[in-house]
Amino acid sequence: MSKRRNKEKPTSIALVVNQNEIFYRLRMPWIRLLKENGYKVYAVVASGAWNNLIEAGGAEYVEWKLSRSGRNPFSEFGSILGLRNILRRIKPDIVQNFHTKPNIYAPIAARLAAVPLTVSTVTGLGYTFVERSGLGSKLARRLNIGMYSFSNRLATEVAFQNPDDMDLLKGRGGLSRSKGRFIPGGSGVDITEYAPGTRNSAESLELRKSLGISADTFIAMFVGRLQLDKGLVEFVEAARQLKKKRADIAFVMVGAPDPGNKRSVPESTLARWKFESDVIFTGRREDVPGLMATANTIVTPTFYREGLPRTLLEAAATGLPLIGTDMPGVREAIHHDLNGILIPTRDSNALAAAVEELADNPEKALRYGEASLERAINEFDHRRVVGEYLKMYDELWDRS
């Protein structure tokens, strides 16, 4: 038996994430399933409003002091040492980390703390790896590749939510050929939380009424953080185009700006959009499953490199046809002309045309929605996704 462990199976895991709310939104179903499979779960994440809810969900909360967008090298090195100290104290068998900074920092901290296994999950490569000209963009990509290369060598395994990200890192030297596995389904979604086929229910009709939308209006909805690189300018422009000629289509944007992100929609821009009234803005909402049940399609016009957008998994679980840009991650959720429509990035005309196509072809929209729900059940269910990780943990533990 390896000197790195003295038991047959791992029994504790630290989930390391950079944002408190994101942890709560995405990792709570993981906690339940990990506990069902005998794991003690530590939630290692920056402090925030969801601390108590995370603990109520079954994890032991551990604060990790980390700045999402910090660039000061001394502070960032301090974050790594702080994480090392946390891991030395809690002594998990496995560290599972998500998002860019944890993917770079956690393998270093875990190695320094002698954690037996570290699994990094790449949940998208972000705006840095969107192909853009300019020396600054090229230098940023090169720097990130170098950091990924170093940290990925220290990780036991690196998992990906789409194959494009894995191929890019391998092709540019950010990941060795001996590592990397694609696990379909992103972070998964608890399909029992969503309500397919309830658009005409009393609850959905009441929600529509509260938004000032009639029962027979076709709703194209965006759900997510209000970041410019999510394609929100194109979403608003498509709404503007269609409002001039269609009274039977409404565009709804669900979400709020993200002040900690430099690509967040400026408040002045949001105020102007609200004044122009081409889009209905709901702000931050906690009833997203209910709002999605009122929609006719979910639109994801992003040009940000995401792993697999959570919104599209939720929309699939709601049985909706999907519209999204032909980007890594998005095309894992949308199979063109099967459960939705893929459009070019930064193309408001194509977005408007796709919305019109679904609005004018209810049979096609129904067919796409049924295919989305089937994919949610068979591919995106969080039990299947977490089950793949559980098998990975056991396999890596047996090899260590």
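Bear in mind these aren't lab numbers, they're just calculated from the coordinates by the rules spelled out. This one's a predicted model, so the numbers in the text were calculated from it and none came from an experiment. With ideal geometry, Cβ positions are generated from the backbone for all residues, glycine too; neighbour counts draw on all protein chains shown.
Here, the range 351-400 has an Rg and a Dmax of 18.7, 57 Å when only alpha carbons are counted. Pairs exceeding a 22 Å alpha-carbon distance, out of Lys101/Lys230; Lys91/Lys170; Lys9/Lys391; Lys7/Lys91; Lys9/Lys65; Lys138/Lys179: Lys91/Lys170; Lys9/Lys65; Lys138/Lys179. Sites count as exposed loop sites when they are trypsin sites (Lys or Arg not before Pro), lie in a DSSP loop, and have at most 10 other Cβ atoms within 10 angstrom; the longest stretch of the chain without one is 263-400. When you filter the GluC sites (Glu not before Pro) in the range 213-303 for DSSP loop state and at most 16 other Cβ atoms inside 10 Å of their Cβ, you are left with Glu286. DSSP assigns beta bridges within the chain; of those with both partners inside it, close to 0 percent run antiparallel.
Rounded, prolate or oblate, given the Cα gyration tensor of the chain, with a/c below 1.5 counting as rounded? Taking the square roots of the gyration eigenvalues as a ≥ b ≥ c, the chain is prolate. Our coupling estimate for the range 252-263, obtained by passing each phi through the Karplus curve with A = 6.51, B = -1.76, C = 1.60 and θ = phi - 60°, is 10, 10, 10, x, 9, x, 10, x, x, 10, 5, 9 Hz, Gly and Pro reported as x. With the cut-off at 1.5 for a/c, could you classify the range 125-234 from its C-alpha gyration tensor as rounded, prolate or oblate? Because a/c hits 1.5 or more and a/b fails to exceed b/c, the range 125-234 counts as oblate.
For the range 191-380, give the share of DSSP beta bridges that are antiparallel, in percent and rounded to the nearest 5; count only bridges with both residues there. Counting only bridges with both partners in the range 191-380, antiparallel ones make up about 5 percent. With respect to the chain, whose longest principal axis is taken over its alpha-carbon atoms, helix 348-360 is tilted by about 70°. Considered as an equivalent ellipsoid built on the Cα gyration tensor, the range 191-380 has semi-axes of 22, 19, 17 Å, the largest given first.
Full extension of the segment from Leu338 to Thr192, taken as 0.36 nm per residue of separation minus the current Cα-Cα distance, would add 50.3 nm. Between 0 and 90 degrees, the angle of helix 100-112 with respect to the longest Cα principal axis of the chain falls at about 10 degrees.
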